[in-house]
Amino acid sequence: MQHDQRSTQPGELAIDSVLDLILGPPSGPAPARPQDARTPAQRRLSRLLSELLAPKPARDPAETEDLIWALWISHPDPAAETAMADAVNALAAGEFARARPILDALVARHPDWAEAWNKRATLAFVEHRDADAVADIARTLALEPRHFGAVAGFGQICLRRGHLREARAAFTVALRLNPHLESVRERLADLPAPPTTLH
């Protein structure tokens, strides 16, 4: 896919950078870590993500999704989990000013926690700070490339900004990761058909 080259200066949308993360490098994905190098939680996450792709899932895909989100939002540090719960509750209540310092502290203290970056991206999205949201989605996907929520969120930002080709690519990848995202499927179906002429 060809896409416009855009600046990635602070405060500007780094659309191309995130799209590259989503679509993967031209040489193919990086080698996976050996099975024994992953934690039990990471191995369970991989199994659950594979379940979403099964033609005949053993359980309701909604239940599998809930288990995946539970793993993403969990953390070995109980204080971090408590802070995350406070941030999630603040987001749900629309108390964005309360959520922001909590999430800023979480990504500062735990920069390897993908879900902390994803939740901060969510906050930036609802506050219409799209450049900040895209930057945090990039951090999320660098840590967890299979994060279908972050990929779909990036598509939402592209759609809002009128980057329809990028939105289509993001929604398509999100559905490859989780084919049960019906709202994403509907948004993809509503997008105008791509042009068939070459430029």
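The values are calculated or read from the model by the stated rules, or taken from the named source; none is laboratory data. This structure is a prediction, so every number in the text was calculated from the model and none was measured. Cβ sites come from the backbone with ideal geometry, for glycine too, and all protein chains shown count toward neighbours. Just the protein is used for accessible areas: all its heavy atoms, side chains included, with ligands, DNA and RNA removed. Shrake-Rupley method; radii C 1.70, N 1.55, O 1.52, S 1.80 Å.
Pull up the stretch 149-199, narrow it to residues that are assigned to a loop (DSSP other than H, G, I, E, B) and of a type in the set (Ser, Thr, Tyr), then point me to the one that is nearest to Glu65 (Cα to Cα). If we take residues in the stretch 149-199 being assigned to a loop (DSSP other than H, G, I, E, B) and of a type in the set (Ser, Thr, Tyr), then Thr196 is nearest to Glu65 (Cα to Cα). Against the conditions (1) under 24 Å from Leu23 (Cα atoms); (2) surrounded by 19 or more Cβ atoms within 10 Å (Cβ to Cβ); (3) of a type in the set (A, V, I, L, M), Leu191 satisfies every one except (2). It is to be established whether one or more residues within the stretch 154-168 are surrounded by 13 or more Cβ atoms within 10 Å (Cβ to Cβ), among the small types (Gly, Ala, Ser) and touching a residue at least 40 places away in the same chain (Cβ under 8 Å). No, that holds for no residue.
Screening the candidates Glu63, Glu51 for the property of being buried (at least 16 other Cβ atoms within 10 Å of the Cβ), acidic (Asp, Glu) and modelled with pLDDT of 80 or more yields one hit, Glu51.
Within the stretch 136-148, residues that are touching a residue at least 12 places away in the same chain (Cβ under 8 Å) reach partners that are outside any helix (DSSP H, G or I) with beta carbons closer than 7 Å, at six or more positions or on different chains, in the pairs Ala138/Ala14; Thr140/His147; Leu141/His147; Leu143/Asp112; Phe148/Asn178; Phe148/Leu181. Within the stretch 136-148, being under 21 Å from Ala62 (Cβ atoms) and either outside any helix (DSSP H, G or I) or in contact with a strand residue (DSSP E or B) (Cβ under 8 Å, 6 or more places away or on another chain) (or both) holds for Glu144, Arg146, His147.
Within the option set Arg120, Arg165, Arg129, Arg160, being more than 25 Å from Glu95 (Cα to Cα) and among the basic types (Lys, Arg) holds for one residue only, Arg165.
Taken over the stretch 108-133, the criterion of being among the β-branched types (Val, Ile, Thr) and over 10 Å from the mean Cα position of the chain (by Cα) is satisfied by Val126 alone. Scan the stretch 103-112 for residues that are surrounded by fewer than 14 Cβ atoms within 10 Å (Cβ to Cβ) and part of a helix (DSSP H, G or I) and report the count. Summing the residues that are surrounded by fewer than 14 Cβ atoms within 10 Å (Cβ to Cβ) and part of a helix (DSSP H, G or I) in the stretch 103-112 gives 2.
With respect to the conditions (1) loosely packed, with under 14 Cβ neighbours inside 10 Å; (2) touching a Phe, Trp or Tyr at 6+ places or on another chain (Cβ under 9 Å), Pro78 falls short on a single one, namely (2). Do we have Ala121 as modelled with pLDDT of 95 or more and under 17 Å from Trp69 (Cα atoms) here? Yes: the conditions hold for Ala121.
Name the residues in the stretch 113-135 that are without any contact (Cβ under 8 Å) to a residue 24 or more places away in the chain, open to solvent by 10 Å² or more (accessible area, probe 1.4 Å) and assigned to a helix (DSSP H, G or I), would you? Passing the criteria: Arg120, Asp132.
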